[in-house]
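One structure below.
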Amino acid sequence: MPRPVHFEIHASDVARARAFYGAVFGWSFEDWSDFAGTPYFGVLTGEDEPGINGAIMQRQGDSPAPGAPVVGAVLTVGVEDFDATHDAVEQAGGTVVRAKQALPGMAWQGYYLDTEGNVFGIHQPDEQAR
């Protein structure tokens, strides 16, 4: 069964966000910018405890408007078959936000809107992704 495997915190100032989350939660970071082609730092939230890891990445658009009801992170779900999941998303009424893209040598990644307007990602590990 597909499970959440990753979160992303979009930041206008990636260094500031890393400093904040490192100070508050003690999270550590790995530079994954070469995979993403933009400032992107893996977030390691723990060793053996239940939970998921994630990333802090450069925001790709405008900052959320002050007072917006939800300003949050993106949940990414690990899948075995990106294309089949893409089809299921569209059949269920979801729409593409950012089309399937290769994270070279790592995975396939894409972003969608659910029927409520929430963004989520799907991620298929694949070392052959190019």
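Rule-based calculations on the coordinates, nothing more; no lab input. All values derive from a computational prediction rather than experimental measurement. Cβ coordinates were reconstructed from backbone atoms using ideal geometry, including for glycine residues, and neighbour counts include every protein chain displayed.
Values for this structure:
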read-out: Ranked 77, 24, 119, criterion: other C-beta atoms within 10 Å, fewest first; value: 24, 77, 119
read-out: Per-bin percent of Cα-Cα distances, region 1-59 [5 Å]; value: 4, 20, 29, 25, 14, 7, 2, 0
read-out: Which of 60, 89, 128, positive extreme of dipole for the chain (C-beta unit charges); value: 60
read-out: Two-decimal Rg/Rh across region 42-87, once Rg and the Kirkwood Rh are taken from alpha-carbon atoms; value: 1.06
read-out: Relative counts (whole %) of C-alpha pair distances in region 72-130, using bins that are 10 Å wide; value: 26, 55, 18, 1
read-out: Assigned charges on the beta-carbon of Lys, Arg, Asp, Glu; the chain dipole about Cα centre (debye); value: 440
read-out: Efficiency of FRET from Cβ geometry, residue 95 and residue 33, R₀ 41 Å, rounded to 0.05; value: 0.90
read-out: Of 74, 89, 43, the one that fluctuates the most in a GNM where the chain has Cα springs shorter than 10 Å; value: 89
read-out: All-pairs Cα distance distribution in the chain, expressed in whole percent, bin size 10 Å; value: 12, 41, 37, 10, 0
read-out: Value of [θ]222 nm, deg cm²/dmol, for the chain, DSSP H segments ≥ 4, -39500 (n - 2.57) each, nearest 500; value: -5500 deg cm²/dmol
read-out: Long-range amide H partners of residue 79 with built H, under 5 Å; value: 123, 124
